[in-house]
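Novice: Could you have a look at this structure, given as structure tokens, before my questions?
The values are calculated or read from the model by the stated rules, or taken from the named source; none is laboratory data. Quantities reported herein were computed from a predicted structural model and do not represent experimental measurements. Here the Cβ positions follow ideal geometry from the backbone for every residue, glycine too, while neighbour counts run over all protein chains shown. What goes into the accessible areas is simple: the full protein's heavy atoms, side chains included, and nothing from ligands, DNA or RNA. Shrake-Rupley method; radii C 1.70, N 1.55, O 1.52, S 1.80 Å.
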Amino acid sequence: MILCANPLAQNTSYLDEIQKAVSSVIHSNRYILGPEVEALESEFASYIGTKFSIGVANGTDALEIALRALGIGPGAEVITVSHTAVATVAAIEAVGADPVLVDVDPKYFTLDPTQLESVYSPKTKAVIAVHLYGQSADLDSIQRFCKEKGIFLIEDTSQAHGAKWNGKRLGSIGDIGCYSCYPTKNLGAIGDGGLITTSDPSLAAKMKMLREYGWKDRYISEFAGRNSRLDELQAAILRVKLRHLNTDNGKRKTIASIYDGELSKLNLKTPVKHNVAEHVYHLYVIQLESREKMISHLKEANIFPGVHYPMPIHLQPAYIGKIKTSTSMKVTENLSKTVLSLPMYPELPLDDVKKVVTSVRSFFN
Ligand SMILES: Cc1ncc(COP(=O)(O)O)c(C=O)c1O
């Protein structure tokens, strides 16, 4: 069976290191927000190129805490995309702000910056740029827009740990970077986990307090916060994985270049790379009209691709008719019917990559 993602393969390939890390936490008698979290925060900040990093419970919380730290709440609007994990929108709603969704660029599938002006209003306080599938959104244009309007830029980097834009790691360019460490992510825990990055000391201090009831000193809340602590076990595991992140991203790139070479002449679209972006292929997403037939065809060969995402957020039952969008969401709506994520994870054997290629090609014969 060839799966779209396979965290077990990674966890077993680093099993010795992970077991040592876990055992050391068990014996440390420190289980929540201890030395492993502190070490991870400092290692991740230096890897991303920011002054600070803050460990939290998951990627949705990372976004929610970032928004709260920026003072965004009821009455504010936050612009983002509909072609993303629902978490991006859920976080905006969690702080009581209103999400405003724009269409994506047809080439790169990330936020189309030409749509921003048409949905901007005096209530707009931030843009969340989602770096989808492992590739950066067009940060030059989005950042220019945010600076012109005097609003904040949050990077949702949950799908692009280690990717770059103009030579800088994603999550170090906007005001705040937010990362999910869900097990299938490029930097994945064995459970839930999340990270936040920023170079602003006051934002960093506020986000640290927000993740634990607004405490500066234990048991004394300076403002209302919540519990979004990262535990020591997950932090220790993430430290192991962080050491291998560049190598693992390199393996993803090798697989992507095989797919690119073997599939580009078929009647489907392979991913397009921005020339100033370093893509880390969290997902390898092709686009084709006959997606459902292709899924059945691949399943017959025991290959299980994914669909990211089958329904745009603005059309989902929870949100339909309730969310402001740009006038046309044509690209987003078409993508939900045509995108297909081929198996992609660092440990995917090259023989399996060949099987996927053979099976995709045979569909067109
Ligand atoms: C783009 C994006 N944002 C946010 C999240 C939310 O992360 P989590 O599941 O860790 O809360 C995810 C994870 O699926 C994601 O892909």
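Novice: What does the extension gain come out to for Leu350 and Asp200, with contour length at 0.36 nm per residue minus their alpha carbon separation?
Specialist: Full extension of this stretch gives 49.7 nm more.
Novice: Then there is this: Measure off 7 Å from each Cα along the Cα-to-Cβ vector at Glu148 and Glu292, then give the distance between these two points in nanometres to one decimal.
Specialist: Output for this residue pair reads 4.2 nm.
Novice: Based on the Kirkwood radius over alpha-carbon pairs, what is the Stokes-Einstein translational diffusion coefficient of region 244-363 at 20 °C with 1.002 mPa s viscosity, in µm²/s? Working shown, then result.
Specialist: Numbers: Rh = 15.7 Å.
Stokes-Einstein gives a translational diffusion coefficient of 136 µm²/s.
Novice: May I pose another question? Check each of the trypsin sites (Lys or Arg not before Pro) in region 76-132 and keep only those in coil by DSSP with at most 13 other C-beta atoms within 10 angstrom; list them in order.
Specialist: Working: sites: Lys107, Lys123, Lys125; in loops: Lys107, Lys123.
The qualifying sites are Lys107, Lys123.
Novice: A further question follows. What number, rounded to the nearest 500 deg cm²/dmol, is the helix-based mean residue ellipticity at 222 nm of the chain, given -39500 (n - 2.57) per DSSP H run of at least four residues and division by all its residues?
Specialist: Working: 12 runs with 145 residues, N = 365.
It lands at -12500 deg cm²/dmol.
Novice: Follow-up. Taking the Cα centre of region 14-115 as the origin, how large is its charge dipole in debye, to the nearest 20, when only Lys and Arg (+1) and Asp and Glu (-1) carry charge on their Cβ atoms?
Specialist: Details: 5 positive and 14 negative charges, 45 e Å.
Computed charge dipole of region 14-115: roughly 220 debye.
Novice: Rounded, prolate or oblate: pick one for region 23-73, where a ≥ b ≥ c are the square roots of the eigenvalues of its C-alpha gyration tensor, a/c under 1.5 means rounded, and failing that, prolate if a/b is larger than b/c, else oblate. Walk me through the intermediate numbers first.
Specialist: On the way: a/c = 3.20, a/b = 1.66, b/c = 1.93.
Oblate.
Novice: Compare Ser118, Ser264, Ser172 by solvent-accessible area with a 1.4 Å probe and give them largest first, with all protein chains kept in place.
Specialist: Correct descending sequence by accessible area is Ser118, Ser264, Ser172.
Novice: Moving to a separate point now. Run the paramagnetic zone check for Ser141: 7 angstrom along Cα to Cβ, then residues of region 73-117 with backbone nitrogen under 15 Å.
Specialist: Within reach of a label on Ser141, which here means backbone N under 15 Å from a point 7 Å along Cα→Cβ, region 73-117 contributes 80-81, 102-117.
Novice: Same structure again: Would region 1-102 count as rounded, prolate or oblate if I go by the C-alpha gyration tensor, calling it rounded below 1.5 in a/c and otherwise prolate when a/b exceeds b/c, oblate otherwise?
Specialist: Values: a/c = 2.65, a/b = 1.58, b/c = 1.68.
Oblate, because a/c is 1.5 or more while a/b does not exceed b/c.
Novice: Which order do you get for Asp103, Asp138 if you rank them by accessible area with a 1.4 Å probe, largest at the top? Before the final figure, lay out the partial values.
Specialist: Numbers: Asp103 5, Asp138 35 Å².
Correct descending sequence by accessible area is Asp138, Asp103.
Novice: Pick out, from Val276, Ser296, Met329, the residue whose Cα sits farthest towards the positive end of the charge dipole of region 244-363, with +1 on the Cβ of Lys and Arg and -1 on the Cβ of Asp and Glu.
Specialist: Value computed over the given set: Met329.
Novice: Then there is this: In debye to the nearest 20, how big a dipole does region 244-363 give about its Cα centre with +1 on each Lys and Arg Cβ and -1 on each Asp and Glu Cβ? Don't jump to the answer; show the numbers that get you there.
Specialist: Numbers: 16 positive and 11 negative charges, 72 e Å.
For region 244-363, the charge dipole is close to 340 debye.
Novice: Over region 10-239, with the other protein chains present, what is the accessible area per residue in square angstrom, probe 1.4 angstrom? Walk me through the numbers before you get to the answer.
Specialist: On the way: 8610 Å² over 230 residues.
With the other protein chains kept in place, region 10-239 gives 37 Å² per residue.
Novice: Any idea how far the Cα center of region 1-64 sits from the one of region 288-365, in Å?
Specialist: About 29 Å separates the Cα centre of region 1-64 from the one of region 288-365.
Novice: Identify, among Ile258, Gln159, Ile313, the residue whose Cα sits farthest towards the positive end of the charge dipole of the chain, taking +1 on the Cβ of Lys and Arg and -1 on the Cβ of Asp and Glu, with the dipole about the Cα centre.
Specialist: Ile258
Novice: Now for a different question. So which trypsin sites (Lys or Arg not before Pro) in region 254-311 are both in a DSSP loop and have at most 11 other Cβ atoms within 10 Å of their Cβ? Spell out each step's value before the answer.
Specialist: Details: sites: Lys265, Lys269, Lys273, Arg291, Lys293, Lys299; in loops: Lys265, Lys273.
Sparse-neighbourhood loop trypsin sites (Lys or Arg not before Pro): Lys265.
Novice: I would also like to ask the following. Among DSSP bridges having both ends in the chain, what percentage is antiparallel? Round to the nearest 5.
Specialist: The antiparallel proportion sits near 55 percent.
Novice: Can you give the charge dipole size of region 10-239 about its Cα centre, rounded to the nearest 20 debye, using +1 on the beta carbon of Lys and Arg and -1 on the beta carbon of Asp and Glu?
Specialist: 400 debye
Novice: Is the shape of region 53-174 best called rounded, prolate or oblate, per the rule: a/c under 1.5 gives rounded, else a/b larger than b/c gives prolate, else oblate, with a ≥ b ≥ c the square roots of the Cα gyration tensor eigenvalues?
Specialist: rounded
Novice: Set the Förster distance to 25 Å, then compute FRET efficiency between Glu43 and Lys322 from the Cβ-Cβ distance, nearest 0.05.
Specialist: Details: r = 41 Å, r/R0 = 1.64.
Approximately 0.05, to the nearest 0.05.
Novice: Now a separate question. Once the principal axes of the Cα atoms of the chain are found, what is the range along each, listed largest first in whole angstroms?
Specialist: Cα spread of the chain along its principal axes, largest to smallest: 68, 53, 38 Å.
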